[in-house]
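Written out below as structure tokens is the structure these notes cover.
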Amino acid sequence: MFTGLIREIAKVDRFDGTELSIVAKHRPKLGDSIAVNGVCLSVTELFSKGFTVEIGDETKNMVALENFSGKVHIEPAMRLGERIEGHLVQGHIDAIGTIEKIVPKTNAKEFYLKVPKDIIKFAVPKGSVAVDGVSLTINGVYESGFWVTLVPITLENTLFGEFFAGRRVNIETDMFARYLYHIFKEKSDLTWSEIDKIMALY
């Protein structure tokens, strides 16, 4: 489990399609879980400047492999009892999204992300989403996707400042939105407002 707060921007040393070697300050142990661009991976090897993780066939089919080059976001798995400052992130990618456009604002940038239609139902206005491992708030939802707003501190401490229109990114929707959908999917007339009321009972 992760929080979606990037702990380090690391550098890819080698990626052969299966094994990904990363140069980083973080020193994990063998078997540790590390989120790389939001993808939960297990450490299989350690070397003097970093570590290696392995990417399975299922993962290859779900993530933007081309971004396992240059610089990457990494976050070690959270420990029980740690403060959660982002939101609960599993590191299980739901889909690949594409940055449609980036709109500069007075003190922020809006990123419009096109995503597959089957995951838009999990995008809740003012809800959470992880994009390349970064915990973000969904500002609004439109027919083909949603948009998020990044303030300067987030742009400076992640790779989003270098992102561009057309780039593909890893999307993990909010786990609670997914769970609620599966619990209530037979009730087609149920609204998010009604779900909020049900959650308030617990």
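List the strands (runs of 3 or more DSSP E) that sit entirely inside region 100-190 and contain at least 3 residues that are among the hydrophobic types (A, V, I, L, M, F, W, C) and surrounded by 16 or more Cβ atoms within 10 Å (Cβ to Cβ). Give the steps one after another, and end with the answer.
Numbers: elements: 109-114, 128-131, 134-142, 145-150, 168-173.
The strands (runs of 3 or more DSSP E) meeting that bar are 128-131, 134-142, 145-150.
Taking the numbered list (1) at pLDDT below 95; (2) within 22 Å of P116 (Cα to Cα) in turn, E85 passes all entries but (2).
So, T137, is that one without any contact (Cβ under 8 Å) to a residue 12 or more places away in the chain and either of a type outside the set (K, R) or at negative phi (or both) or not?
Details: without any contact (Cβ under 8 Å) to a residue 12 or more places away in the chain: no; either of a type outside the set (K, R) or at negative phi (or both): yes.
So T137 does not fit the description; no.
Every residue, every condition in (1) surrounded by 15 or more Cβ atoms within 10 Å (Cβ to Cβ); (2) within 30 Å of G127 (Cβ to Cβ); (3) aromatic (F, W, Y), yes or no:
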{"residue": "K29", "(1), (2), (3)": "no, no, no"}
{"residue": "S33", "(1), (2), (3)": "yes, yes, no"}
{"residue": "V39", "(1), (2), (3)": "yes, yes, no"}
{"residue": "E45", "(1), (2), (3)": "no, no, no"}
{"residue": "G50", "(1), (2), (3)": "yes, no, no"}
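The condition of being in contact with an Asp or Glu (Cβ under 9 Å, 6 or more places away or on another chain) and aromatic (F, W, Y) holds for only one of F68, F47, that being F47. For region 88-100, a tally of residues being modelled with pLDDT of 95 or more and closer than 22 Å to I153 by Cβ returns 1.
The values are calculated or read from the model by the stated rules, or taken from the named source; none is laboratory data. Owing to the predicted nature of the structure, the values given are computational and were not obtained by experimental measurement. Backbone-built Cβ (ideal geometry, glycine too); neighbour counts: all protein chains shown.
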